[in-house]
Amino acid sequence: MTETPLMSMRLRVEQDIFVVRQLGREVARAVGLEAQDQTRFATAISEVGRVLLAAGPDAEVAFAVRPYGVPTLHVVMTHPAVGEAARVSRQVQQVGRLVETMEVENGDDSTVVRMSRRLPPGVPGLTPARMEEIRAGLAQHVPGSPLDELAVQNQQLIAALDEVRAQRDDLARLNAELEETNRGVMALYHQLSEELEETNRGVVALYAELDEKSVQLRAASEAKSRFLANVSHELRAPVTAIIGLGRLLTDSASDALTGEQNRQVELIRSSASDLLTLVNGLLDLAKAEAGRIEANWTQVDLKAMFGQLRGTLRPLATRPEVDFVVDEPVVPVLRSDEVLLAQVLRNLLINALKFTEAGSVRLSSLLIDGDIEFIVSDTGTGIPPELHERIFEEFYQVPGNKPVSGKGTGLGLPYARRLAGILGGGLRVDSTPGEGSAFTLRLPATT
Ligand code: ADP
């Protein structure tokens, strides 16, 4: 037996229902249930008792407790009538709510109703001595008359009504608090939406300003390109004329010049031709920036182009310490602009030859993710990583990177990058100072 019996009684006549109710309340009180739970428990027992008594007298009501684990109060009500479980459980359906567990079953020679109710945590320990004490107390319990019970029930009813009223007051207070909170939340919401609106207005104004600035910037950039194009165009004719005149002066058909005169005219010619290179570079870049260069898309014979680059640039690769290699292209043809593509590769190759003292300069190509990459690699001076982007700015030249041969204007790479963009691709550099550089032109590999 897992429960420790407390006491039991029999229901013989209707009055016993009151007795068992009182007893139930006493038991509940003795084991530590609170006033409301005492009433619930007592009501459950008297209601089940009433239903059982309808089947005849002699139902036994036994109270017990389980003092360990989760301490629980149990009551087992056994009626000698057989097969009453269905009726009883139908009639006591509502009673189940008053206790924690309730089972109604048909025994071999009886109908049994079991109910239990957990004891609140923290009730004084139900030691054997305490159980003995409770038992003694219950044995002395003298049942009152039905009138007494009625009075007690009335009191309980009043207490229950008070409780309901208190709960209603609580509810009203909670509602008021909720309303207050809602008002607070609404105020906060309004404040937030006003702030958001304010911020939005600020952002919109900022964007308008930004738009205006970018229009100004575009206008300034266009003005710069126009200026460069005009100036270089205007300069080209006189500079070309100076070069021509110089050539005429030193021509064998002209009057012979003195040695000093010859030297000075040669100086004028070479300065003028440097100037022409610069002017041409500026003009090209200005045209590219102004969007005046358009690709002329054709099937470009890469094999032939590579051959031509090999042929035209070999004379520049004069140093025996430098291996100049142009590999076979990875594909024979590519849809692109022949002139612009050759221009970019030529710029890169000339740079590589210019900055490589010994080792090799190589043009190769490969296919990658639907693109084609043209790689111009060299074993030259290299470029410090922090300058990898700066070298694509106009006129920028890496300080201390002296070309092995020839001169430069600082316009070749910005122009090459513009052209790469016009061809639908991009130009990037990988380089380590002292080891060399690799410039990669990546284009869509359409044929
Ligand atoms: P530049 O006419 O001076 O060659 P670019 O725009 O072509 O003008 O190049 C800008 C600068 O980038 C060069 O002056 C040089 O300092 C650096 N540079 C370009 N290519 C190479 C390279 N292959 N090796 C080392 N430095 C390079």
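The values are calculated or read from the model by the stated rules, or taken from the named source; none is laboratory data. Note that the coordinates shown come from a computational prediction; the quantities given were computed from them, not determined experimentally. Cβ sites come from the backbone with ideal geometry, for glycine too, and all protein chains shown count toward neighbours. For accessibility, only protein heavy atoms count, side chains too; no ligands or nucleic acids. Shrake-Rupley method; radii C 1.70, N 1.55, O 1.52, S 1.80 Å.
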Would you calculate the volume per residue, in Å³, of the smallest convex hull containing every Cα atom of the chain?
355 Å³
What number, in percent, do you get for the relative contact order of the chain if the mean sequence gap of Cα pairs under 8 Å and at least 6 apart is divided by its residue count?
9 percent
Among GLY69, LEU53, GLN36, flag the residue with its Cα farthest along the positive direction of the charge dipole of the stretch 4-144, charges on Cβ as +1 for Lys/Arg and -1 for Asp/Glu.
GLN36
Between ARG165 and SER221, what is the label-to-label distance in nm when each label sits 7 Å out along the Cα-to-Cβ direction?
8.3 nm
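Normalising by the residue count of the stretch 265-402, find the relative contact order in percent from Cα pairs under 8 Å and 6+ residues apart.
20 percent
Once fully extended, how much extra length lies between LYS213 and GLN15, figured as 0.36 nm per residue of separation less the alpha-carbon to alpha-carbon distance? Present the calculation step by step, with values, prior to reporting the outcome.
Numbers: separation 198, 0.36 × 198 = 71.28 nm, distance 9.93 nm.
So the chain would gain 61.3 nm between LYS213 and GLN15.
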Tell me the trypsin sites (Lys or Arg not before Pro) within the stretch 244-306 that lie in a loop according to DSSP and have at most 11 other beta-carbon atoms within 10 Å.
ARG292
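Determine the calculated [θ] at 222 nm for the chain from helices alone, applying -39500 (n - 2.57) to every DSSP H run no shorter than 4 residues and normalising by the residue count; nearest 500 deg cm²/dmol.
The helix contribution divided over the chain gives -18500 deg cm²/dmol.
Order the following by accessible area, largest value first: VAL48, VAL330, VAL164. Probe radius 1.4 Å; ligands, DNA and RNA are ignored. Each step should come with its number before you reach the end.
Details: VAL48 0, VAL330 65, VAL164 85 Å².
Solvent-accessible surface, decreasing: VAL164, VAL330, VAL48.
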Both in Å, the radius of gyration and Dmax of the C-alpha trace of the stretch 298-444 are 14.4, 41
Largest first, please: the extent of the C-alpha atoms of the stretch 4-144 along each principal axis, to the nearest Å.
40, 29, 28
Cα shape, the stretch 336-378, gyration tensor, a/c 1.5 rule
oblate
What do you get for the angle between helix 302-313 and the principal long axis of the chain? Use alpha-carbon atoms, 0 to 90 degrees, nearest ten.
50 degrees
Taking θ = phi - 60°, what integer Hz values does the Karplus form 6.51 cos²θ - 1.76 cosθ + 1.60 yield along the stretch 220-235, in sequence order, with x for Gly and Pro?
5, 5, 5, 4, 5, 4, 4, 4, 4, 4, 5, 4, 5, 4, 5, 6
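Stretch LEU316-THR240 to full length: gain in nm at 0.36 nm per residue minus the Cα-Cα span?
Values: separation 76, 0.36 × 76 = 27.36 nm, distance 2.38 nm.
Contour length minus Cα-Cα distance gives 25.0 nm.
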Semi-axes of the equivalent ellipsoid for the stretch 62-201, please: Cα gyration tensor eigenvalues, times 5, square-rooted, ordered largest first, whole Å.
51, 22, 20
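Kindly count the pairs of lysines across the chain whose alpha carbons are less than 22 Å apart, treating pairs on different chains or eight or more residues apart as eligible.
Close lysine pairs found across the chain: 4.
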For VAL404, enumerate residues with amide H under 5 Å from its amide H, sequence gap 5+ or separate chain, H modeled in the peptide plane.
PHE355, THR356
Cut-off under 5 Å, modelled amide H: who pairs with THR72 long-range:
ARG66, LEU119
So what's the angle, to the nearest 10 degrees on a 0 to 90 scale, between helix 412-422 and the longest Cα principal axis of the chain?
60 degrees
Computing the accessible area with a 1.4 Å probe over protein heavy atoms, can you report the carbon and sulfur percentage for the chain?
55 percent
How much length, in nm to one decimal, is gained on full extension between ALA136 and TRP297, taken as 0.36 nm per residue of separation minus their Cα-Cα distance?
46.8 nm
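Which FRET efficiency, nearest 0.05, do LEU157 and THR2 yield, Cβ-Cβ r, R0 35 Å? Show your work: numbers first, answer last.
Values: r = 36 Å, r/R0 = 1.03.
The value I calculate is 0.45.
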Which residue fluctuates most in the GNM of the chain (Cα springs below 10 Å): LEU349, LEU367, LEU53?
LEU53
Degrees, to the nearest 10: 35-53 long Cα axis against longest axis of the chain:
60 degrees
Rounded to whole Å², per residue accessible area for the stretch 4-144 with a 1.4 Å probe reads 49 Å²
TYR415, TYR207, ranked by accessible area, largest first (probe 1.4 Å):
TYR207, TYR415
